[in-house]
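Let me begin by presenting the structure, written as structure tokens, before commenting on it.
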Amino acid sequence: MPSRFLLSPLAGYTNLSFRLVVRELGGVGLGTTDLVNCRGLLAGNRKSLDLIESCPEDRPFAVQIFGRDASLMRDAASWLEEHAGVDTIDLNMGCPVDRIANHGGGAGMMREADRTISLVEGVVAAVGVPVSVKMRLGWDSTQLTAPRFAREFEQVGVAAVAVHGRTREQGFKGQVDRDGIRQ
């Protein structure tokens, strides 16, 4: 990568135009798309395809996918590698939005350790590009599962982990827990 700085996915913002503007400003080593529903991507949904739009100036780039179905996540990752030319795939375990998390996607994955580890392992095995995971510290202050997930993900071949230093319960409020991130 040209730099160690990454442009994280930000819902509603990290489309191609935004990524190109940030790249023009300089210093971005990797740009990541907005989160993309794996089911919508595989169905050829226009919105999903628009979210993964890229061009030669948008390199290297990652697509962040979300979902809870292991086979759909594997298939979406394979499709992205084969058809979209992604440099890496990021798995979303951080979205706190009810319509995603309450259905087992995004931060909802933090509640089902064995199922989630198996899903992530399957995605890593399905593709030849690096796979990263963005996650929260846990579902709430009584379920801080990020340290366990980070150790398990290292064992199954995840290339990098980003930790949003808040729980799902906190959403985007409250203080970032730097000690939780260090753990």
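The values are calculated or read from the model by the stated rules, or taken from the named source; none is laboratory data. Here the structure is a predicted model, which means the values were calculated and not measured. FYI the Cβ positions are ideal-geometry reconstructions off the backbone, even for glycines, and counts take in every protein chain you see. Areas reflect the complete protein model, heavy atoms only, side chains present, ligands, DNA and RNA absent. Shrake-Rupley method; radii C 1.70, N 1.55, O 1.52, S 1.80 Å.
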Single residue of SER48, SER54, SER3, SER78 found to be polar (S, T, N, Q), open to solvent by 20 Å² or more (accessible area, probe 1.4 Å) and outside any loop (DSSP other than H, G, I, E, B): SER78
Residues being in contact (Cβ under 8 Å) with a residue 60 or more places away in the chain, not in a loop (DSSP other than H, G, I, E, B) and not hydrophobic (A, V, I, L, M, F, W, C) - total across the range 86-127: 5
Long-range neighbours under 8 Å by Cβ, at least six apart or interchain, first residue open to solvent by less than 80 Å² (accessible area, probe 1.4 Å) within the range 8-20, second among the aromatic types (Phe, Trp, Tyr): ARG19/PHE61
Long-range neighbours under 7 Å by Cβ, at least six apart or interchain, first residue assigned to a helix (DSSP H, G or I) within the range 129-152, second surrounded by fewer than 16 Cβ atoms within 10 Å (Cβ to Cβ) and small (Gly, Ala, Ser): ARG148/ALA113
Failed criterion for GLY29 (all others in (1) open to solvent by 50 Å² or more (accessible area, probe 1.4 Å); (2) at pLDDT below 95; (3) more than 16 Å from the chain's Cα centre (by Cα) hold): (1)
Residue within the range 88-102 that is at positive phi and open to solvent by 10 Å² or more (accessible area, probe 1.4 Å) present: no
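Quick grid of which residues meet (1) surrounded by 13 or more Cβ atoms within 10 Å (Cβ to Cβ); (2) modelled with pLDDT of 95 or more:
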residue	(1), (2)
LEU137	yes, yes
GLN143	yes, no
PRO147	yes, yes
GLU152	yes, yes
GLN155	no, yes
ALA159	yes, yes
ARG166	yes, yes
GLY174	no, no
GLY180	yes, no
Enumeration of residues in the range 56-71 that are without any contact (Cβ under 8 Å) to a residue 60 or more places away in the chain and touching a strand residue (DSSP E or B) at 6+ places or on another chain (Cβ under 9 Å): ASP58, ARG59, PRO60, PHE61, VAL63, ILE65, PHE66, GLY67
